[in-house]
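As structure tokens, the structure follows; a few thoughts come after it.
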Amino acid sequence: MKIQSIKGMYDLLPQETKNWKQIESILHKFFTIHGYGEIRTPNVEQTKLFKRIIGDETDIVTKEMYSWDDRNGDNISLRPELTAPTVRAFIEHNLSKLNKNTKLYYIGSAFRRERPQKGRQRQFCQFGVEAIGSEFPEQDVEIISMAYNIYEMLGIENLELVINSVGSDESKLKYSNELKKYLSKYSNDLSDISKKRYENNPLRILDTKDKKEKEIIINAPNILDFLTKDEIEHFNQVKRYLDKLGIPYSVDKNLVRGLDYYTMTTFEIRTDTIGSQDALCGGGRYNNLVEKLGGKSIPAIGFAAGMERLVMAISGKEETEDKVDIFILSIGDLAIMNALKICDTLRSRLGVNVRMDLSRSSFKSQMRQANKLKADYVVILGEDEISKNIGIIKTMSSGEQTEVPLDTIHKNFDIANNE
Ligand code: HAM
């Protein structure tokens, strides 16, 4: 019986990894020029890290984590997101000692046992940033604009930036009590999930996809009315800065997001070009999280984005094609031996992208391969050439052919002249 990959977990084949690598290298550069340093944390952490941070009653913790008892009795989990591990590492390595403002980014796998569908996997890749140290709105706007600019830079269309503020934990609690009062009038109309959320985490009901509940929510109290003057001023300042940067947004008072750690600003970027799972990225402030994990009281904000969703949004925009500098065409044992040697020299000494046929194909078929790979030059090593100790270099753009001594072939390429 054939063994297949696990449901919701996919292989990335060379055609895809090529695009991924390109995007990854753009992201590395983008984050680096913004002053963010890369952090790589393990895929597995103590389960209590996520329980404490993401929230005991969130979907992620109650039903989506891959958790198990380790042989030593510890309960450990595959990370469902990278913010909690990043903050854990920040505290563990005392990174605040090095800088007042710690700016970290990551690109790595995350695991959630959700129902797989387009844009939703059980293993997926998240890239994101966490800025730990500044409480000010300019930091919020740096993070939001970075997220927005990545998608703009990559040509993703119909971007929709949605922002909100959920205030401090105290404001959230006050609001939560009011919301419960309001929802108690509709207790018979709520779904089973929402009834449970009503008890444990009523804010999450604002996120409902249920049509009937959506109607109930329309007249629910507005979270922004429960923010303190300072919290409202922070939010207004974020909006003013976004206006100044010319980044369009809308405010959605129901954007509370699915993780419990948020305080103050929350945001999401969506596009209608990738199907129903339309959230390209999400993030927000989490001013209490460092302290909750045993660190000092240090404010922070970040975002994370799904790589698969980004790739999906890009696909079809820029077809990257296979292209080589040189193709070496070889017929016969001696030619093959020489071709191997030339390839080796060009690749290892000069870093040239060179290919040769490894299946002893006919001359015609090798020429077809060279054309398909859009080789700039073809080196022809036929039996005649080898017997004369030469090779023929054909410049594909002009058709011009030059005979050159076999042992100096690698020195004859423009691209190789920087030897
Ligand atoms: P999140 O909204 O749970 O936030 O996930 C962020 C992004 O990861 C989503 O917008 C989506 O693009 C992608 N994503 C999430 N789940 C899946 C899935 N099952 N399959 C494919 N893509 C998925 C967080 O994870 C927070 N840690 C974000 C954050 C960072 N907040 C502050 N800092």
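Only residues that are assigned to a helix (DSSP H, G or I) and of a type in the set (A, V, I, L, M, F, W, C) were counted in region 141-177, giving 8. Residue count for region 2-35 satisfying the condition of being surrounded by fewer than 11 Cβ atoms within 10 Å (Cβ to Cβ) and under 13 Å from the mean Cα position of the chain (by Cα): 1.
Would you be able to say whether some residue in region 210-224 is in a loop (DSSP other than H, G, I, E, B), among the charged types (D, E, K, R) and surrounded by 15 or more Cβ atoms within 10 Å (Cβ to Cβ)?
Pass one, region 210-224, residues in a loop (DSSP other than H, G, I, E, B): 210, 219-222.
Now restrict to residues that are among the charged types (D, E, K, R): 210.
Still in the list and also surrounded by 15 or more Cβ atoms within 10 Å (Cβ to Cβ): 210.
Yes; the residues of region 210-224 include at least one that is in a loop (DSSP other than H, G, I, E, B), among the charged types (D, E, K, R) and surrounded by 15 or more Cβ atoms within 10 Å (Cβ to Cβ).
In the condition set (1) outside any loop (DSSP other than H, G, I, E, B); (2) at pLDDT 95 or above; (3) over 19 Å from GLU400 (Cα atoms), ARG368 is compliant with all but (3).
Residues in region 233-273 that are of a type in the set (D, E, K, R) and more than 16 Å from the ligand (Cβ to nearest atom): GLU233, LYS239, ARG240, ASP243, LYS244, LYS253. Quick one: would you say SER348 is at pLDDT 95 or above, out of contact with any Leu (no Cβ under 7 Å at 6 or more places or on another chain) and either exposed (fewer than 12 other Cβ atoms within 10 Å of the Cβ) or farther than 20 Å from LEU406 by Cα (or both)? Against the criterion (at pLDDT 95 or above, out of contact with any Leu (no Cβ under 7 Å at 6 or more places or on another chain) and either exposed (fewer than 12 other Cβ atoms within 10 Å of the Cβ) or farther than 20 Å from LEU406 by Cα (or both)), SER348 does not qualify.
Condition test on ARG197, is it within 16 Å of the ligand (Cβ to nearest atom), at pLDDT below 90 and either of a type in the set (A, V, I, L, M) or surrounded by 12 or more Cβ atoms within 10 Å (Cβ to Cβ) (or both)? For ARG197, the condition - within 16 Å of the ligand (Cβ to nearest atom), at pLDDT below 90 and either of a type in the set (A, V, I, L, M) or surrounded by 12 or more Cβ atoms within 10 Å (Cβ to Cβ) (or both) - is not met. Scan region 200-209 for residues that are buried (at least 17 other Cβ atoms within 10 Å of the Cβ) and not in a helix (DSSP H, G or I) and the total you get is 2.
Just to check your reading of the model, which residue among LEU242, LEU280 is at negative phi, in a strand (DSSP E or B) and touching a helix residue (DSSP H, G or I) at 6+ places or on another chain (Cβ under 9 Å)?
Details: LEU242 fails: in a strand (DSSP E or B).
After ruling out the rest, the residue left standing is LEU280.
Going by the structure shown, is GLY332 at positive phi, surrounded by fewer than 19 Cβ atoms within 10 Å (Cβ to Cβ) and over 34 Å from the mean Cα position of the chain (by Cα)? Answer is yes for this residue. Among the residues of region 179-194, those that are part of a helix (DSSP H, G or I) and either among the basic types (Lys, Arg) or surrounded by 17 or more Cβ atoms within 10 Å (Cβ to Cβ) (or both) comprise LEU179, LYS180, LYS181, LEU183, SER194. All conditions in (1) surrounded by fewer than 17 Cβ atoms within 10 Å (Cβ to Cβ); (2) within 15 Å of the ligand (Cβ to nearest atom) hold for ILE298, with the sole exception of (1).
Every residue, every condition in (1) modelled with pLDDT under 95; (2) at negative phi; (3) among the β-branched types (Val, Ile, Thr), yes or no:
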site	(1), (2), (3)
LYS7	no, yes, no
HIS34	no, yes, no
THR41	no, yes, yes
LYS51	yes, yes, no
GLU57	yes, yes, no
VAL61	yes, yes, yes
ARG79	no, yes, no
LEU95	no, yes, no
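Checked against the criteria, ALA375 counts as outside any helix (DSSP H, G or I) and among the aliphatic types (A, V, I, L, M). Selection of region 9-23 for residues being modelled with pLDDT of 95 or more and either of a type in the set (Lys, Arg) or touching a helix residue (DSSP H, G or I) at 6+ places or on another chain (Cβ under 8 Å) (or both) yields LEU12, TRP20, LYS21, ILE23.
For region 286-326, give me each residue that is acidic (Asp, Glu) and either under 22 Å from the mean Cα position of the chain (by Cα) or modelled with pLDDT under 95 (or both).
Within region 286-326, GLU308, GLU318, GLU319, GLU321, ASP322, ASP325 meet the criteria.
The values are calculated or read from the model by the stated rules, or taken from the named source; none is laboratory data. As the structure is a prediction and not an experimental result, all values here were calculated from the model. Every residue, glycine as well, gets a Cβ built from its backbone with ideal geometry; the counts of neighbours run over all protein chains shown.
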